[in-house]
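Asker: Right, I'll just put the structure down here and ask away after.
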Amino acid sequence: MAGSFHPGQRRRDGTRGRREVRPRRAERIIEVKHLQLELLRGAALLRGLALETKNAPEGLDELKTSFIGYHAEVKQLADGQRKMQADFKKMDDILAKLETAIARAPGGGGKSRSGAHTAPEIEAEHKAFGQFIKTGSDIEIKALSTDEGPAGGYITGTNMAQAINQKIFDQSPIRRLARVVTIDSGDVWEEPLDFSDLGAEWVGERESRPDTGDSDLGLLTIPLHEVYAKQTVTQKLMDLSFVNIGSWIEGKIADKFGRTEGLAYATGNGVKKPRGFMDYSAASVTTDDTTRPWGKLQYVPSGSAATIADAAGRADGIKSLYWALRAPYRANATWLMASATANGLDAIKDANGQYIWRNGMQAGSPPELLGRPVEFDENMPAQGAGLFPIAFGDIKKAYTVLDWSAIKSIRDPYSDKPNVVFYAYRRTGGDVSNFEAIKLLKCATS
């Protein structure tokens, strides 16, 4: 019958039943019996020798001492046999419970019920049982129990989760979209910048060729900054927890580093942290790329004092932002905004009454605004008077992230006993590397 199980037959989880364990038990019993017989023969021999030497008092004490030693060994062996028989009884009880649990589990030949043992639970109990067989220790089995003592039994097997249900935090997409440079020495990245143009003039065959002007070179300098996290955990928690506490903490540190860095890439002021592109918003101007000095961002007004829509409730300002970004950057551009801003943008129409927002055409694809993908960064400000809730640009050209190696992690169980200290640090930097490749929308009329 589907789902049925016969003792000795291999189960679906790869384990076997009771008949496979019992031959091993029989072998151990036979081995013990042989040892008993040998000791008994030795004891009988000693008794015979004692009778033969009863008229030799000088050797009697030595024989008596030897006999007492053998008698103690036989008694110890008998006690061990009784303990082993008790252990075998425990094994039989455990196997019986496991077989009952398998029969009750879904697909195990019985009806599924609330609270019945599940496949991971059975696997955990098999693991504990295997440890019991290997070492004779019932620690693993007790750990599965809801009762600590032998009287309560070891087979209650509470279903303990093997992972921690963690809160999910919002991650910034900037690192994924930006250019990432990794260095393994030094603490500063320098890169020449060519942000000007050469002159060129038409000339006749015999005319002179005056100087047409030199190209100006600048220098992009991005320093590294250090971010760290330190978490203390008791050694007892490390030892007794069902989950891998060390891996869990290291995962949380990596997640927190990602969020801390993402915030800095967007809004950092450059003091002991990366400088974010939004830090340039306060000094941004409306002049375009042809006249705006390098080192300043351009913004486009939305057309109303406090919202992303213009005074008529349309998206004219957003369209102007789209066209303000020049074609070489527009081809690979991405919109950046918070979810709250997208919620308001979703209802805005153009002058023809058409929604400008388009949801992704396929599962997992990002939504689109005026044909370009939208990425959500909750570090962007919401719409409000004088704020810059939307950015649009080729982020890979606009922003550079500097990394030094990877996260360094130290697990220290010595300096703060009985605690284990998890210390991790990372060095990273970031700054705008092209001020023409990204534009901002400002909630303003001008």
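No value in this document is a laboratory result; all are computed from the given coordinates. It should be emphasised that the depicted structure is a prediction, and the values quoted were computed from it without experimental measurement. Every residue, glycine as well, gets a Cβ built from its backbone with ideal geometry; the counts of neighbours run over all protein chains shown.
Asker: Could you go through the range 349-360 in sequence order and give the Karplus-derived ³J(HN,Hα) for each residue, using 6.51 cos²θ - 1.76 cosθ + 1.60 with θ = phi - 60°, rounded to whole Hz, and x for Gly and Pro?
Answerer: 3J(HN,Hα) across the range 349-360, in whole Hz: 10, 8, 5, 8, x, 9, 5, 8, 8, 10, 6, x.
Asker: Could you sort the peptides 262-274, 403-415 by per-residue average Cβ neighbour count (10 Å cutoff), highest mean leading?
Answerer: Peptide ranking by packing, descending: 262-274, 403-415.
Asker: Quick one: Debye curve from the alpha-carbon atoms of the range 223-288 only, equal weights, vacuum; give me log10 I(q)/I(0) at q = 0.12, 0.24 Å⁻¹ to two decimals.
Answerer: Taking Cα atoms of the range 223-288 as identical point scatterers yields -0.49, -0.99.
Asker: Moving on to the next point. Tell me the Kirkwood radius of the range 320-405: reciprocal of the mean inverse pair distance over distinct alpha-carbon atoms, in Å.
Answerer: Hydrodynamic radius (Kirkwood, Cα only) of the range 320-405 equals 14.2 Å.
Asker: Divide, for the range 217-442, the radius of gyration over alpha carbons by 2.2 N^0.38 Å, where N is the residue count.
Answerer: For the range 217-442, the normalised Cα radius of gyration is 1.25.
Asker: Right, another one. What pairs in 230/296; 236/408; 236/273; 349/397; 252/439 have C-alpha atoms more than 27 Å from each other?
Answerer: Long pairs (Cα-Cα over 27 Å): 230/296; 236/273; 349/397; 252/439.
Asker: If we sort 379-387, 181-189 on the protection proxy, mean other Cβ atoms within 10 Å, highest first, what's the order?
Answerer: 379-387, 181-189
Asker: What order, most packed first, do the peptides 218-226, 199-207 have when packing is the mean number of other Cβ atoms within 10 Å of each residue?
Answerer: Taking the mean over residues of other Cβ atoms within 10 Å, the ranking is 218-226, 199-207.
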